[in-house]
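Encoded as C-alpha cells, the structure appears first; notes follow it.
Taken together, the values in this text are just the output of simple stated rules run on the coordinates, not laboratory data. Keep in mind the model is a prediction, meaning the values are calculated, not measured. Because the Cβ atoms are built from the backbone with ideal geometry, glycine has one as well, and the counts that use them run over all protein chains shown.
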Amino acid sequence: MLLDTASMYFRAFFGVPEILAPDGKTPVNAVRGLMDFISRLVDEYRPSDLVCCWDNDWRPQWRVDLLPTYKTHRVVEEVASAPDIEQVPDPLQVQVPLILEVLAAFGIPVVGADGYEADDVIGTLATGAGQPVDVVTGDRDLFQVVDDAADVRVLYIARGISRHERVTNDWVRDKYGVDARQYADYATLRGDASDGLPGVKGVGDKTAATLLGRFGDMAGIIAAAQDPASDMGPGPRGKIKAAADYLAVAPQVVAVARDLDLPRTGYALPRTPADPDRVLALAEQWNLSGPAERLVNALAG
C-alpha cells in the first residue's frame, strides 16, 4: 500500500475540525486525521507492506524548465537552489514535522527522492512490484499507474476515506473513455488547472478521448496531425499542430517517473510501534492518545 501522504494530510486538515494540543495553540487535526486514515485503511486491507510516499520536491525544477506554468499558482515564494515554497495554510504547515515524528515513532516508512514528487516515488514502487499494489490518493494524476495485469489499482479518496473508490482500468474507461495507460496523455490534451496544465486549446474531455481512441497515444496523435494522408479531421488537426510546442514537453511533465533508484524492500507493515515510549510521549504532548491507540490496534490486527 503506497500512500500519497500530502494528498491525505491535506484532506485530513480540511476535513477534520480544528483540534488543539494541550498547549492551547498548536493545531493537530491533520496529524490526528492522517493517523485515523491509516488505521482505517490498514484495518480494511491488511497490506503486507506500507509506505508513506513523500514530496521531497513538490514542484521539481526539471518539470518547471519544461513547462513554466507547472503548479505556478501554488507558489508562495521562489527559493534559489531549493524547492519553491508551496502555498500551505500555516495551521497545516506547523503539523508536517509532527506528522514525520509520529510516522517515525510507529516505524512506518517514509520514502522520498530529491528532485521528485511523491507521485514519482509511487510510480516507481508500483512498477514491477511483483505483488498487488494499492495506491491511496485523492489526485487523479495517479490513475496512470493503474494496471489490471500487474494488479495495481488506486484507492481514490476524493470523497473521503469512508467513501473511497477502487479504481481499475474499467473504472477509468467508464468515467473518461480511455484506458488507464492513456490517462496521462488524456490529462495533457484536456489540461488540468490544478497542476497548471493549459491543455490543447479547444480540446476537451470528449475530443481528447476520441483522439486517443483512434490514434492510441500522444505520439500517434501528433504523427496523424502531421500526416496529410491521415483521417484526422481538419479541426483537431489544426488544434494539435497549433499546440506543437506544448505537446513537445507536457507529456514528460505529466508522466510519473517509474525508474527512480529506490529500495524495493524494508517496507513491511509494522506490527508494533518502533518506539513505543516515543509514541506515548507524542500522544500525551500533542493530544493524540485516541488516534495513537487506534493505530496501535490496527497495526496489531
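When you have a sec, figure out the Kirkwood radius of segment 180-254 from all distinct Cα pair distances and drop it here in Å to one decimal?
12.1
Once you list every other residue whose beta carbon is under 10 Å from the beta carbon of residue 158, what net charge do they have if Lys and Arg are +1 and Asp and Glu are -1?
Taking every Cβ under 10 Å from that of residue 158, the sum is +2.
Relative contact order for the chain: what is it in percent, counting Cα pairs under 8 Å that are at least 6 residues apart?
23
Residue 229 to residue 194: extension gain in nm, 0.36 nm per residue of separation minus the Cα-Cα distance?
Going from the current span to full extension adds 8.9 nm.
Could you run the Karplus curve 6.51 cos²θ - 1.76 cosθ + 1.60 with θ = phi - 60° over segment 239-244 and give me ³J(HN,Hα) per residue in whole Hz, x for Gly and Pro?
5, 5, 5, 5, 9, 4
Among [x] 20.6; [y] 21.3; [z] 19.6, which one is Kirkwood radius over Cα pairs in Å computed from these coordinates?
[x]
Report, by chain and number, residues whose modeled amide H sits under 5 Å from the one on residue 192, excluding near sequence neighbours (fewer than 5 apart, same chain).
197, 199
Between segment 111-143 and segment 240-284, what is the separation of their alpha carbon centroids in Å?
The distance from the Cα centre of segment 111-143 to that of segment 240-284 comes to 5 Å.
Applying 1/(1 + (r/R0)^6) with R0 = 51 Å to the Cβ-Cβ distance of residue 214 and residue 277, what FRET efficiency is obtained, to the nearest 0.05?
Taking R0 as 51 Å, the efficiency between residue 214 and residue 277 is 0.25.
Modelled label-to-label distance, residue 62 and residue 25, 7 Å Cα→beta-carbon offset: nm?
Each label point lies 7 Å from its Cα, and together they span 4.2 nm.
Relative contact order for segment 180-254: what percent, with Cα pairs under 8 Å and sequence separation of 6 or more?
The value is 33 percent.
Quick one: dipole size for the chain, taken about the Cα centre, charges +1 on Lys/Arg Cβ and -1 on Asp/Glu Cβ, in debye to the nearest 20.
Charge dipole, the chain, about its Cα centre: 880 debye, nearest 20.
Between beta-carbons, use under 15 Å as the cut-off and find the net charge around residue 102, counting Lys and Arg +1, Asp and Glu -1.
-3
How charged is the neighbourhood of residue 134? Take every other residue with its Cβ under 14 Å from the Cβ of residue 134, and add Lys/Arg as +1 and Asp/Glu as -1.
Neighbour charge sum, excluding residue 134 itself: -4.
Between residue 96 and residue 72, with labels modelled 7 Å along Cα→Cβ, what's the label distance in nm to one decimal, could you check?
According to this spin-label approximation, the distance is 2.2 nm.
What nm value, rounded to one decimal, do you get for the distance between residue 244 and residue 173 when each label is placed 7 Å out toward the C-beta?
Taking the two extended label points, one gets 3.5 nm.
How far, in nm, would the chain grow between residue 148 and residue 289 when pulled straight, counting 0.36 nm per residue and subtracting the alpha carbon separation?
46.8 nm
Cα gyration tensor of segment 70-225, axes a ≥ b ≥ c as square roots of the eigenvalues: rounded (a/c below 1.5), prolate (a/b > b/c) or oblate?
Oblate shape, in that a/c is at least 1.5 and b/c is the bigger or equal ratio.
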